[in-house]
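Take a look at the structure below.
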Amino acid sequence: MAITTIALHVEPGASEAVDACLALPMSIAEAHAAHVTALVFGAGAFRDASGADTTFLTDQDLISREERVAAHVQKVLDSRGIRFEVRGRSNFAYGVGEVLADQMRVSDLGIASFGPGVDIGKRFVVSGGIFLSGRPLLLVPPGHAASSYPSRVILSWDASPAAVRSVHGALPFIKRAEEVTVVSVTDDKEFRPGQSGVELVHLLARHGAHATFRPVQRGRRGVVHAVMDVAREIQADMLVMGAVRHASLHNLVFGSATMDLLDQGPALPTLVAA
C-alpha cells in the first residue's frame, strides 16, 4: 500500500499545541508526497492556554475558534508546500464519532493526536476512526517528535484479522524500517498452524523488511504491558497492533489490549486497524 492521502484530525487549541499536532503528519506527507485532508473541529471540551475548561463558550465562540485554527493550519501546510485541503465544522448529523471515519474511508491513512486523559468526545472520534473506517489510524502521543520513517517498528501479532490489517496498513513504514520485531504473546491465545509470527517474518522479508520474531508471555500485567516491555528494550519508535472491540463483560473478565491502549494512551506512535 502506498500512502497517497492522509485524513488528519486537528483539535482546536493553542497554536503551540496545534503545531505539535501537525509535526508528524506533515513529515509523513512530505516523505510520501501525500495529500492531507485536515479536519478541524472540537470533539469535546475546549481548553484555554492554562488548561482550564472553557465549555461555557457559546456555539459562535467555538465556531470562531475553529475557524481561526483552520486558518492557522492552512497557513502552516501551505508554507511546507504540501498538497492539502482544510475542512471545518460539520453539522455532525451522524455523530462526532463518525466524522473522521467518513474521511478515512477515502484515504490511505488516518492520523490523530491522542494521549492519556482525553475527554469522551476525542475518544469517540478515535474509536470511530478505528472501528468504522476500514482504514488504519495512527495515534500520536501529544508533543511527540516528528519522524517520517520510524527506524525500529514493533508488531503485536496474534494472527487475528485485525492484526493482519494493521500489518498491511503499516507496510509503507515497515519496509523502510531498519529493524522490525514481531512480538507474539504466547500465553494469550492459541495460534493455528501457518499463522505464527515466524511465518509473518518470512512474509515481511519478501517485502524487503528486516524482521525478527520474539515470543513473550503476558503474565499478570496484560498484553499491552508485555509488548511495551519489548518496545522499551529495543527502543521502538512505532507500534503496530490490531484493534478488537469486545463486549463489556469480556473486557471485565479477560481484559482487552485495545481498551488498555485507549485508556492509557499510546506511549509511542501506534498504528491500529480493526
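Only one of the numbered conditions (1) closer than 24 Å to residue 214 by Cβ; (2) in contact with a strand residue (DSSP E or B) (Cβ under 6 Å, 6 or more places away or on another chain) is violated by residue 70, and that is (1).
Taken over the stretch 137-165, the criterion of being more than 16 Å from residue 268 (Cα to Cα) and touching a strand residue (DSSP E or B) at 6+ places or on another chain (Cβ under 6 Å) is satisfied by 157, 160, 162, 163, 165. Residue 255 satisfies every condition listed in (1) at pLDDT below 85; (2) more than 24 Å from residue 171 (Cα to Cα); (3) open to solvent by 40 Å² or more (accessible area, probe 1.4 Å) except (3). Looking across 49, 45, 38, one residue alone is under 22 Å from residue 16 (Cβ atoms) and modelled with pLDDT of 85 or more. It is 38.
Pairs are defined by a Cβ separation below 8 Å, a sequence spacing of at least 6 or placement on different chains, a first member in the stretch 149-171 that is in contact (Cβ under 8 Å) with a residue 12 or more places away in the chain and closer than 22 Å to residue 216 by Cα, and a second member that is of a type in the set (A, V, I, L, M) and open to solvent by 40 Å² or more (accessible area, probe 1.4 Å); the pairs so defined are 160/244; 162/244.
Looking at this structure, is residue 208 modelled with pLDDT of 95 or more, at positive phi and assigned to a loop (DSSP other than H, G, I, E, B)? For residue 208, the condition - modelled with pLDDT of 95 or more, at positive phi and assigned to a loop (DSSP other than H, G, I, E, B) - is met. Whenever a residue of the stretch 17-41 is more than 18 Å from residue 69 (Cβ to Cβ), its partners that are outside any strand (DSSP E or B) and open to solvent by 10 Å² or more (accessible area, probe 1.4 Å), lying with C-beta atoms within less than 6 angstrom and at least six residues away or across chains, give the pairs 27/146; 27/148; 28/148; 29/82; 31/148; 34/4; 35/83.
When each of 130, 154 is tested for being in a helix (DSSP H, G or I), open to solvent by less than 10 Å² (accessible area, probe 1.4 Å) and not charged (D, E, K, R), the lone residue that passes is 130. Conditions first: (1) open to solvent by 60 Å² or more (accessible area, probe 1.4 Å); (2) within 14 Å of residue 242 (Cβ to Cβ); (3) charged (D, E, K, R). Residue 187 passes all but one, so which condition is the exception? Just one mismatch for residue 187, condition (2). Here residue 132 fulfils each of the conditions (1) of a type outside the set (S, T, N, Q); (2) farther than 19 Å from residue 36 by Cβ; (3) at pLDDT below 95 apart from (3).
Being open to solvent by less than 40 Å² (accessible area, probe 1.4 Å), modelled with pLDDT of 95 or more and not in a strand (DSSP E or B) is a property that residue 226 lacks. Do the conditions hold for residue 89, that is, is it without any contact (Cβ under 8 Å) to a residue 60 or more places away in the chain, within 20 Å of residue 20 (Cα to Cα) and open to solvent by 10 Å² or more (accessible area, probe 1.4 Å)? In short, no. If you go through the stretch 116-144 and keep only what is closer than 9 Å to residue 97 by Cβ, over 12 Å from the mean Cα position of the chain (by Cα) and of a type in the set (Ser, Thr, Tyr), you end up with nothing. Say we look at the stretch 1-16 and pick out the residues that are touching a residue at least 24 places away in the same chain (Cβ under 8 Å) and farther than 14 Å from residue 66 by Cα; which of these is surrounded by the fewest Cβ atoms within 10 Å (Cβ to Cβ)? Restricting to residues being touching a residue at least 24 places away in the same chain (Cβ under 8 Å) and farther than 14 Å from residue 66 by Cα, the top hit is 2. Scanning the stretch 79-106 for residues that are among the basic types (Lys, Arg) and modelled with pLDDT of 90 or more gives 80, 83, 87, 105.
The values are calculated or read from the model by the stated rules, or taken from the named source; none is laboratory data. In this text the structure is predicted, and so the values were computed from the model without any measurement. Note that each Cβ is placed from the backbone with ideal geometry, even for glycine, and that neighbours are counted across all protein chains shown. Just the protein is used for accessible areas: all its heavy atoms, side chains included, with ligands, DNA and RNA removed. Shrake-Rupley method; radii C 1.70, N 1.55, O 1.52, S 1.80 Å.
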